[in-house]
Amino acid sequence: LVQPRATASGVSNPAPTINAAAVSPKTLKVGSYVAGWYVFNIVFNILNKSCLNVFPAPWFLATFQLCASATFMVVMWMTGIQKRPQVSKELLVALIPVAFWHTVGHVSACVAFSQVAVSFTHVVKSAEPVLSVILSQVLLKEVYPVYVWASLVPIVAGCSLAAVNEVSFAWSGFNNAMISNLGMVMRNIYSKKYLDQFKSLDGINLFALLSIISVFITLPAALFVEGFKGGVYQWGAMADAATANLGGDFVVFMRLIVGSGVFYHLYNQFSYMVLGQGISPVSFSVANVLKRVSVVVSSIIFFANPVSPLNWA
């Protein structure tokens, strides 16, 4: 800004006024949402892996977490904390494929966490921007300059080197983490598309509707793949074994499961609040990669996973 300044001759000359650079309210809002997203995701990953270590039922856990989100949002709607969305047949039909990719991304990530270390899973999932750039260009017709493509090279190289030298490496875990990348990128792309198309729908309500639809997709699949594997009910015996591993305290076991559900919802709610601020799917994926740095470091510290110098690099 420039303000007039009186001179000896009485003529006013413009003189620059030094003002501190102000941060816009939107930037502060997005920053606070990102911070919440990161913190809640760190807690979720620790609880989720701790639960999977004693209760290796990723399909059950993924289904429970989706149910927790659906329940959380129904309560928010009933209490008026969150405004109810205007749901139409057109909206539901549009969201079914998004919910499918949401389910694929979440379930495959849970399966990967049950097979390999949290840190390794997140290293592989750091390749998400690569798929985001490719699929955004194919599906949304967004054209990215050469330097954006070039910036993907160190991501691919770093993930490849870390995977080759990973102590807990398993192809099943790697493949599921990559499937999760595909599911989450597709979810983000179509979520952004429908947030732009259905203007009355905000990010929180979009995530709520996806969670509710995903429950109906995940539950029958979980029962078939895991709950009644081999025609015999499995989850009861697995819960008993988990309780025994925790010193026979069923309350501790339930705290792990419920805690994973609560923090799953919280980190996803904040991530959709970020997406609802109008950022692109690629920018969202880059923020997701930065989040993974904090998750990887915290999980290595908490679970004391062995890490080679090349993995750190």
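Structure notes:
- Once C-alpha pairs closer than 8 Å and six or more residues apart are averaged by separation and normalised to the residue number of the chain, the relative contact order reads 35 percent.
- Entries in K26/K141; K49/K125; K26/K199 that, when Cα-Cα distance is taken, lie over 24 Å: K26/K141
- Å² per residue, accessible surface of region 212-301 at 1.4 Å: 45
- Backbone phi angles across region 40-48, fed through the Karplus curve with coefficients 6.51, -1.76 and 1.60 (θ = phi - 60°), yield HN-Hα couplings of 5, 5, 4, 4, 4, 5, 5, 5, 4 Hz in residue order; Gly and Pro are listed as x.
- For the chain, the fraction of alpha-carbon pairs in successive 10 Å shells from zero, as %: 6, 24, 32, 21, 9, 4, 3, 1, 1, 0
- Under the simplified labelling scheme, the V293-W171 pair shows an inter-label distance of 3.4 nm, with each label point 7 Å from Cα along Cα→Cβ.
- Placing unit charges on the Cβ atoms only, positive for Lys and Arg and negative for Asp and Glu, gives the chain a dipole magnitude near 720 debye about its Cα centre.
- The label-point distance for V251 and F228, in a model that sets each label 7 Å from Cα toward Cβ, rounds to 3.5 nm.
- Phi-derived couplings, Karplus 6.51 cos²θ - 1.76 cosθ + 1.60 at θ = phi - 60°, listed residue by residue for region 299-313: 5, 5, 5, 5, 8, 6, 6, x, 10, 7, x, 5, 4, 4, 4 Hz, with x used for Gly and Pro.
- Placed amide H near Q82: partners under 5 Å, 5+ positions off or other chain: W77
- Working ranking of peptides 152-158, 49-55 by packing, defined as the average number of other Cβ atoms within 10 Å per residue, highest first, is 49-55, 152-158.
- Environment charge at P85 (Cβ cut-off 12 Å; Lys +1, Arg +1, Asp -1, Glu -1): +2
- In degrees, nearest ten, helix 250-275 long axis to first principal axis of the chain (Cα): 30
- Whole-angstrom Cα spans of region 87-230 along principal axes, big to small: 51, 50, 21
The values are calculated or read from the model by the stated rules, or taken from the named source; none is laboratory data. A quick note: this is a predicted structure, and the numbers were derived from the prediction, not measured. We place every Cβ from the backbone using ideal geometry, glycine too, and count neighbours over all the protein chains shown. Remember, those area values only see protein heavy atoms, side chains included, never the ligands or the DNA or RNA. Shrake-Rupley method; radii C 1.70, N 1.55, O 1.52, S 1.80 Å.
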